[in-house]
Amino acid sequence: MDAKKIYITPRGARSLREELAYLWQDKRPKVTEQVRAAAALGDRSENAEYQYGKRQLREIDRRIRYLQKRLDNITVVDRTPSDQTRVFFGAFVTLETEDAESLSIRIVGEDEIDIARSWISMHTPLARAILGKSVGDEARIQRPAGIITAEILSIHYEEMSAYDD
């Protein structure tokens, strides 16, 4: 995969689109109305509600611009790889470290990182160390505490259709 492209699953792309729609259609109009109402109260220089509302609008607009640009540049990976015996984007991987610690992760795009679900970016040292490897292969993983070795115990993929839930 091209390191410069922004890869994302269909679920991740849908999530970004939903956030953009929410900001445009729901949140921004409400905050705009709050700013309008606060401005009608008079002196804007000492009006905390007005100042806060304007700051909120700037943050919303900044996020909208980011999401629009991001969505224009993403590459949605909507199918599993033909060779499912190796680790690629979207893979669920179980590893065992040299200390017999078991670790299960999923490799996703940076917009989909979810620590609670053990979804890690394809750009992390762990993901880079195992990409392209197969079950039984060992990988040397750079961690802040030093390099560890882990063996790949299993690899599986789930269908990455547009209805990926």
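Packing-based ranking of 8-16, 39-47, 152-160 yields 8-16, 152-160, 39-47, ordered from highest to lowest mean Cβ neighbour count within 10 Å. Applying 1/(1 + (r/R0)^6) with R0 = 45 Å to the Cβ-Cβ distance of residue 4 and residue 37 gives a FRET efficiency near 0.50. Computed from the Cβ-Cβ distance with R0 of 30 Å, the FRET efficiency linking residue 128 to residue 153 stands at 0.95. Under 1.5 on a/c is rounded, so check that first for the chain, then, if it is not, pick prolate when a/b is larger than b/c and oblate when it is not; a ≥ b ≥ c are the square roots of the alpha carbon gyration tensor eigenvalues. Prolate is the answer for the chain, as a/c is 1.5 or above and a/b outweighs b/c.
If R₀ is 22 angstrom, what is the calculated FRET efficiency for the pair residue 66 and residue 25, using the beta carbon separation as r and rounding to 0.05? After rounding to 0.05, the efficiency reads 0.80.
Please state the relative contact order of the chain as a whole percent: Cα pairs under 8 Å, 6+ residues apart?
Numbers: 246 pairs, mean separation 42.7, N = 165.
Once normalised by length, the contact order is 26 percent.
Neighbour counts of other Cβ atoms within 10 Å put 5, 54 in the fewest-to-most order 5, 54.
Only aspartates and glutamates eight or more places from residue 5 in sequence, or on another chain, were considered; those with a Cα closer than 14 Å are 72, 110, 111.
Values quoted throughout were computed directly from the atomic coordinates according to the rules given, and no laboratory measurement underlies them. Predicted model only: the values in this text are computed from it and were never measured. We place every Cβ from the backbone using ideal geometry, glycine too, and count neighbours over all the protein chains shown.
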